[in-house]
Amino acid sequence: MSLYYVQKFLYELNRDPDLQAAYMADRRDVLRPYEVTEEEADALIGPDIGLLFHLGVNGQILMHFAALHQIEWADYLALMRDGVARHGPVREGVYAMTGYEGVDARRSRSESDEGA
Amino acid sequence: MPLVYAGVCSHAPGITGRADQADPEVRDRFYAAFDGMRADIEESGAEALVVIAAEHFANFFMDNMPTFAIGMADFYDGPIEDPGWLAIDRFRAPGNRDLSRRIITEVMQTVDVSYAEEWRFDHGIAVPLHFVTPRFDLPIIPVNINCQGPPLTPLPRAWALGEALRRAADSVPERIAVIGTGGISHWPATPDSGKINEEWDREFLDRWCRNDHDALVDYDDLGIYADAGQGGFEIRTFVAVSAAAGGASGTVAFYAPIPIFAVGCTIASYDLA
Ligand SMILES: [Fe+2]
């Protein structure tokens with residue numbers, strides 16, 4: 001679990017068109033300088049936006065990575081929801097402060113609260 | 001010269017990037033309020049604009065995250081995002097290195113700030129400038145408060161920064177305007193994007209307009225996160241402007257939740273006269 005380095009890579013990728021070109025040419029190779037796990041590397045290579053969100057990547061970093069992959073806004077939101085549904089609440093980072101569970105879980109909980 | 005203008009506005013990237021997806025009637029009233037802010041700043045005779053923003057990992061990252069940073073350059077390029085995504089063309093905004101140096105030197109007497117001779121503007125500054133100085137003809141002094149990577153700048157320290165900026169602005173011969181950009185409640189770039197807590201926003205704006213120091217610094221981050229989302233952390237920029245306004249009371253020119261812009265869109269200012 002090395003959320004710091006996953007975000008560091010994305011931060012540098014977002015800022016640097018040369019790194020973006022290198023990433024597009026060989027996604028695994030550009031990750032070598034970063035201390036990321038296999039799971040994290042696979043998510044960055046996929047890309048698996050939902051898994052990255054579940055791992056705790058900040059949306060302010062992740063949304064640009066999604067845009068780099070030509071993912072439309074509505075699809076980006078859906079991929080994050082899907083990640084939370086598949087893997088569970090966000091594991092680490094700012095969204096884990098109060099256990100980010102995503103809109104669907106929140107909605108079903110508030111509906112059952114209203115029913116109670 | 002005494003500070004000539006103090007206001008706040010939203011900065012969400014959807015305001016420009018997803019303009020065509022919003023209800024045109026509400027959107028255009030919001031844009032008109034931005035035009036009003038531009039007119040007020042022009043009328044104030046401002047010779048430089050201090051923009052207190054909450055950037056989003058464009059220049060500052062957790063390898064060396066400043067609690068506060070102030071730009072000290074003669075120019076700033078932007079936007080750092082894809083111009084098509086943000087719907088703002090690449091620009092070079094003027095700075096004023098000498099004025100920045102004098103402001104920073106004065107601020108440092110009471111608040112520890114980092115200075116930055118390089119700074120690329122992200123939407124936190126680019127979106128407001130797109131409306132407020134569309135010709136990029138007013139020198140900008142960018143100021144950043146860490147609202148993104150916890151541990152975040154404490155609210156009482158944001159207030160202290162605002163006080164120091166006011167003292168600094170008053171101490172230079174130039175006429176200085178200041179705007180804070182960000183917030184209020186929102187869940188940007190997450191699955192909850194579009195959710196807005198209007199009641200929380202209106203309560204915050206009431207405290208802001210009354211310039212109620214105790215009520216403004218009374219929020220805690222867990223409460224903000226639960227009620228106002230991680231975007232709510234950006235109230236630090238609004239709070240700094242409150243302090244810079246030196247007890248003046250404020251008026252909200254525009255507030256409306258615009259979900260596709262992912263924020264309760266806000267334009268407000270203090271009556272400094
Ligand atoms: Fe923001």
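The values are calculated or read from the model by the stated rules, or taken from the named source; none is laboratory data. Please read these numbers as outputs of a predicted model, since none were measured by experiment. Neighbour counts run over all protein chains shown; Cβ positions are idealised from the backbone, glycine included.
When the criteria are applied in full, B:Glu106 fails the requirement of being within 14 Å of chain A (Cβ to nearest Cβ) and more than 16 Å from the ligand (Cβ to nearest atom).
Within the option set A:Asp75, A:Asp42, being surrounded by fewer than 22 Cβ atoms within 10 Å (Cβ to Cβ), free of Cβ contacts under 8 Å to residues at least 12 places away in the same chain, closer than 25 Å to B:Gly17 by Cβ and away from every other protein chain (no Cβ under 11 Å) holds for one residue only, A:Asp75.
Just one residue in the set B:Gly223, B:Gly231 is surrounded by 23 or more Cβ atoms within 10 Å (Cβ to Cβ), under 27 Å from B:Gly149 (Cα atoms) and of a type outside the set (A, V, I, L, M); that residue is B:Gly231.
Among the residues making up the range B:69-87, those that are over 18 Å from the mean Cα position of the chain (by Cα), more than 12 Å from every other protein chain (Cβ to nearest Cβ) and part of a loop (DSSP other than H, G, I, E, B) are B:Ala73, B:Asp74, B:Ala87. Looking at the range A:2-49, none of the helices (runs of 4 or more DSSP H) lying wholly inside it contains 1 or more residues that are in contact with a Leu (Cβ under 7 Å, 6 or more places away or on another chain) and farther than 23 Å from B:Met62 by Cβ.
For the range A:54-72, residues that are more than 7 Å from chain B (Cβ to nearest Cβ), in a helix (DSSP H, G or I) and free of Cβ contacts under 8 Å to residues at least 40 places away in the same chain total 2.
Hey, among the residues in the range A:82-95 that are of a type outside the set (A, V, I, L, M, F, W, C) and surrounded by 19 or more Cβ atoms within 10 Å (Cβ to Cβ), which one's nearest to B:Phe233 (Cα to Cα)? Outline the logic, then answer.
First, pick out the residues of the range A:82-95 that are of a type outside the set (A, V, I, L, M, F, W, C): A:82-83, A:86-89, A:91-93, A:95.
Narrowing the set further to residues that are surrounded by 19 or more Cβ atoms within 10 Å (Cβ to Cβ) leaves A:82-83, A:93, A:95.
Values: A:Asp82: 26, A:Gly83: 25, A:Gly93: 15, A:Tyr95: 12 Å.
Looking at the filtered set, the residue picked out is A:Tyr95.
Looking at B:Arg101, B:Arg135, just one residue is assigned to a loop (DSSP other than H, G, I, E, B), basic (Lys, Arg), surrounded by fewer than 19 Cβ atoms within 10 Å (Cβ to Cβ) and at pLDDT 95 or above, and that residue is B:Arg135. Residue pairs whose Cβ atoms lie under 6 Å apart, sitting 6 or more positions apart in sequence or on different chains, and linking a residue in the range B:17-43 that is in contact (Cβ under 8 Å) with a residue 12 or more places away in the chain and more than 29 Å from A:Met63 (Cα to Cα) to a partner that is hydroxyl-bearing (Ser, Thr, Tyr) and outside any helix (DSSP H, G or I), are B:Ile41/B:Tyr5. For A:His64, the criteria (1) in contact with a helix residue (DSSP H, G or I) (Cβ under 6 Å, 6 or more places away or on another chain); (2) more than 16 Å from the ligand (Cβ to nearest atom) hold in every case but one, which is (2).
Of all the listed residues (B:Glu174, B:Glu118, B:Glu199), the sole one being charged (D, E, K, R), within 14 Å of chain A (Cβ to nearest Cβ) and away from the ligand (no atom under 16 Å from the Cβ) is B:Glu118. Residues in the range B:53-68 include at least one that is in contact with a helix residue (DSSP H, G or I) (Cβ under 8 Å, 6 or more places away or on another chain), hydroxyl-bearing (Ser, Thr, Tyr), more than 14 Å from chain A (Cβ to nearest Cβ) and within 24 Å of A:Asn58 (Cα to Cα).
Determine if the range B:203-218 includes at least one residue that is within 14 Å of chain A (Cβ to nearest Cβ), away from the ligand (no atom under 16 Å from the Cβ), crowded, with 19+ Cβ neighbours inside 10 Å and not charged (D, E, K, R). No, the range B:203-218 has no match at all. Within the bounds of the range B:121-138, is there any residue that is of a type in the set (Val, Ile, Thr), out of contact with any helix residue (DSSP H, G or I) (no Cβ under 9 Å at 6 or more places or on another chain) and closer than 29 Å to B:Ile224 by Cα? Among the residues of the range B:121-138, at least one is of a type in the set (Val, Ile, Thr), out of contact with any helix residue (DSSP H, G or I) (no Cβ under 9 Å at 6 or more places or on another chain) and closer than 29 Å to B:Ile224 by Cα, which makes the answer yes. For the range B:1-47, which positions are under 26 Å from B:Ser114 (Cβ atoms) and surrounded by 22 or more Cβ atoms within 10 Å (Cβ to Cβ)? Listed by number, the residues that qualify are B:Leu3, B:Tyr5, B:Ala6, B:Gly7, B:Val8, B:Cys9, B:Ser10, B:His11, B:Ala12, B:Pro13, B:Ala46.
Between B:Ile184, B:Ile141, the distinction of being away from every other protein chain (no Cβ under 14 Å) and part of a loop (DSSP other than H, G, I, E, B) belongs to B:Ile184 only. Among the criteria (1) away from every other protein chain (no Cβ under 14 Å); (2) at pLDDT below 95, the one B:Thr190 does not fulfil is (1). Listed conditions (1) of a type in the set (Ser, Thr, Tyr); (2) within 16 Å of the ligand (Cβ to nearest atom); (3) over 22 Å from B:Trp208 (Cα atoms) are all met by B:Ser10, apart from (3). Note on the range B:190-236: residues that are in contact (Cβ under 8 Å) with a residue 60 or more places away in the chain, closer than 23 Å to A:Asn58 by Cα and aliphatic (A, V, I, L, M) amount to 2.
Restricting the range B:182-196 to residues that are buried (at least 23 other Cβ atoms within 10 Å of the Cβ) and either more than 18 Å from the chain's Cα centre (by Cα) or of a type in the set (Asp, Glu) (or both) leaves a set whose member that is farthest from the ligand (Cβ to nearest atom) is B:Pro191.
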